[in-house]
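Computed from the coordinates by the stated procedures, all read-outs in this text should not be read as laboratory data. Model, not experiment: these values are computed from the prediction. Cβ placement follows ideal geometry from the backbone for every residue including glycine, while neighbour counts extend to all protein chains displayed.
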Amino acid sequence: MIIDGETHRGAGASLALEDPATGETIAQIDEASAEQAEAAIASANKAFAPQSAWRTMSPAQRERLLHGLTDAIEAHGDELAELITWELGAPLGAARHFEVNKAIETFRYYAGYPTKLHGHTVPLGHDFDGEYFAYTALEPVGVVAAIIPWNAPLMLAAWKLAPALAAGCTVVLKPSEDASLAVLRLVELANAAGFPPGVINCVAGKGASVGQALLAADGVDKYTFTGSTSVGRQVHQAASRTIARTSLELGGKSPSIVLEDADIAAIAPALAMSAFANSGQVCVAASRVFAHHTIADQLGDALAQFAATLTIGSGFDPAHQIGPLVSERQLDRVSNYVDTGINQEGGSLVFGGARHGESGYFFTPTIIAQLPDTSALLREEIFGPVLTLETYDDPLDVCDIANTADMGLAACVWGRDHAVVQRLARDLRVGTVFINTPPFPPANIATGGFRQSGMGRDLGTEGVLGFLEPKSVIDRIGPAA
Ligand code: NDP
C-alpha cells in the first residue's frame, strides 16, 4: 500500500496472485484493511488542505511534476510491461507498445493542461443596484477515489490519475486484486518524481473489502470507476449518500457494422483484432459483427482465415499474439457463454470454440454465426476472444438494434459509402464511433458511454473537466447607480 508517501504492508487478508499463463502462484499480496483505506482518504484530504504544498503549488510546477512522472514511466517502460505480462498474461510486445505507451500518451497529454485551465469573466457591468465585476474559476473537485479493473491496469490508472492530477485533485487509487503490481509500481514512480505525500495513495485488494471500504468512507468528493455495470451501479448508489460526483465507465457490447462496399480482405485483420486483442478483455471490443447479407460469407471466411494465423501462448514468448484470460473464473465464464451458444442455442461455429491447451487460462479466438436474437452472446459483455456474426439488409436496422441495446459504449463502421457511414455516425447512440479503424481510444478525445455503459467521460478535455468544479465570483465594485 502506498499511503501518505510511504509504502506499507497491507494489514488485510493475504491474496495469492496467479500467473494466468500457468495458473501458478507468483506473488502474495496483502490487501489493505478498511482502516488503511480510511487512512489513505485522510491523507488525501490532508494533502488537499488549502495551505498544503500541493494546493499552493503553481500550475507550471504541477506540469513539471506530470512531465517528470511521464519521463519516469518512459524510463521504466520495459519493467512495467513485464509486470503487466506477469499478472495479466498479455503479450509483452502489446503490454509495452500498447498499454505502457498509452499510459505515457495519457500522462504527456494531461501534463500540458494545468497552465491552460481557467474560468472566464462575465460582463455584469452596471446592474440595477451597482457595478459589478464577475468571473468564474475552475477548482479541483477535491479528493478522488479511483477504482479500476484488471483488463488494462496501467492504462486505466493513467486515464484516472493524469486528468485528476492535472486538475489539482488528490487521489486514492484502488487497482483490481488481479492486477495491482504495475499500478503499485506506477504510484511508487509518482512519489519518487516528487508529488507531495498524500497526493497519490494506492490501496490494493478486493472490491468486496477495500472497494467497499472506499465506498463507505466519508471524505471522498468524487468516485471515478471503470468496470462492470453491476458494480458501477453500486458505486453510483453509494455516492448518492454524500452526493459525491461520479463518473462511470462501464460495460460495452459494441457493434461492428460492415457495409456491402467494404474491402473485406483489407479490413479483416483489424476487424478481427477489434474483438480478439487482449483476448477480448477490452471494454470497447467491437465483438458483435453485423455484415451486409451479400458479403457475410466472404467476411466469415476472411475472419476465420485470419484467426487461424494467430499464435496463442505465454506473453513472454514474442512469437505469441494471444495471451491467456486473466483468471480461471474468466476462463469458465467465457467457456460457458460459448458452450451455451453452440450446444443449446444452435449457433454455428465458424472458428475456435474451445480452451487452448491444458494449463493456463488460454481460449482460442472464436467466431460464432447464426445465433438467435435472444442469445446472451449477442446481448451481454463476454470479455473473451469471441466474435459473433449476424447479417442485415438495411444498415439503419442495425442502428435500431444498437440504439435499443442496454449498452452504448462504442461502435465500428467499416465501408466506403461516405453518406451511409456518416449517417450511421450521426444516428448511433453510443459514446464513440470508429470508422474504418479498430476501437482503440486516443488520449485526446473523450471516451465513455450512453445508457448503461456509464456516465461522464474519460480522456480529452471532458476528462479533465470532470475533475473540476466551476466557482462563480460576483464582486460589487461600485455604489448603487
Ligand atoms: P468489476 O466491476 O467487478 O471490478 C472492477 C473494479 O471494481 C475492481 O477494482 C474490483 O475489485 C472493484 N469492485 C468489485 N466489486 C466491488 C464492490 N462491491 N465495491 C467496490 N469495488 C468493487 O469487474 P470484474 O473485474 O469482476 O469483471 C467482471 C466483468 O465486468 C467483466 O467480465 C467485464 O464484462 C466487465 N468489465 C468491464 C470493464 C470495462 O472496462 N468496461 C473492465 C472490467 C470488467 P477486484 O477486482 O479487486 O475485486
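Per-structure values
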{"read-out": "Degrees, to the nearest 10: 296-309 long Cα axis against longest axis of the chain", "value": "80 degrees"}
{"read-out": "Residue-by-residue Karplus 3J(HN,Hα) for region 148-164, coefficients 6.51, -1.76, 1.60, Hz, glycine and proline x", "value": "10, x, 8, 6, 8, x, 6, 5, 6, 4, 5, 4, 8, 5, 4, x, 5"}
{"read-out": "Long-range amide H partners of Gly130 with built H, under 5 Å", "value": "Ala481"}
{"read-out": "Anisotropy class of the chain from Cα gyration tensor, a/c 1.5 cut", "value": "oblate"}
{"read-out": "Label-reachable residues, region 274-317, where backbone N falls under 11 Å from a point 7 Å from Ile401's Cα toward its Cβ", "value": "288-293"}
{"read-out": "Residues with amide H under 5 Å from that of Ala27, placed H, sequence gap 5 or more", "value": "Leu17"}
{"read-out": "HN-Hα J in Hz across region 323-330 - Karplus 6.51, -1.76, 1.60, θ = phi - 60°, x for Gly and Pro", "value": "x, x, 6, 5, 7, 5, 4, 5"}
{"read-out": "Simple spin-label estimate for Asp393 and Asn343 in nanometres, 7 Å along Cα-Cβ", "value": "3.6 nm"}
{"read-out": "From phi via Karplus (6.51, -1.76, 1.60), per-residue ³J(HN,Hα) for region 13-30 in Hz, x at Gly/Pro", "value": "5, 8, 10, 8, 9, 9, 7, x, 7, 10, x, 7, 6, 10, 7, 10, 10, 8"}
{"read-out": "Euclidean distance of C-alpha centroids, region 147-190 and region 56-103, integer Å", "value": "10 Å"}
{"read-out": "Acute angle (nearest 10 degrees) that the helix 77-88 long axis makes with the longest principal axis of the chain, alpha-carbon atoms", "value": "60 degrees"}
{"read-out": "Ellipticity estimate at 222 nm from DSSP helix runs (n ≥ 4, -39,500 (n - 2.57)) divided over the chain, nearest 500", "value": "-10500 deg cm²/dmol"}
{"read-out": "Among the listed pairs Lys46/Lys102; Lys116/Lys174; Lys160/Lys253; Lys222/Lys253; Lys116/Lys160; Lys46/Lys222, those beyond 25 Å (Cα-Cα)", "value": "Lys46/Lys102; Lys116/Lys174; Lys222/Lys253"}
{"read-out": "Segment Lys46-Ser58, extension gain: residue separation times 0.36 nm, minus the distance between their alpha carbons", "value": "2.5 nm"}
{"read-out": "Positive-end residue of Leu389, Val220, Ile445, charge dipole of the chain with Cβ unit charges", "value": "Val220"}
{"read-out": "Cα-based reach from Lys471 at 12 Å (exclusive), listing aspartates and glutamates while leaving out same-chain residues under 8 positions away", "value": "Glu139"}
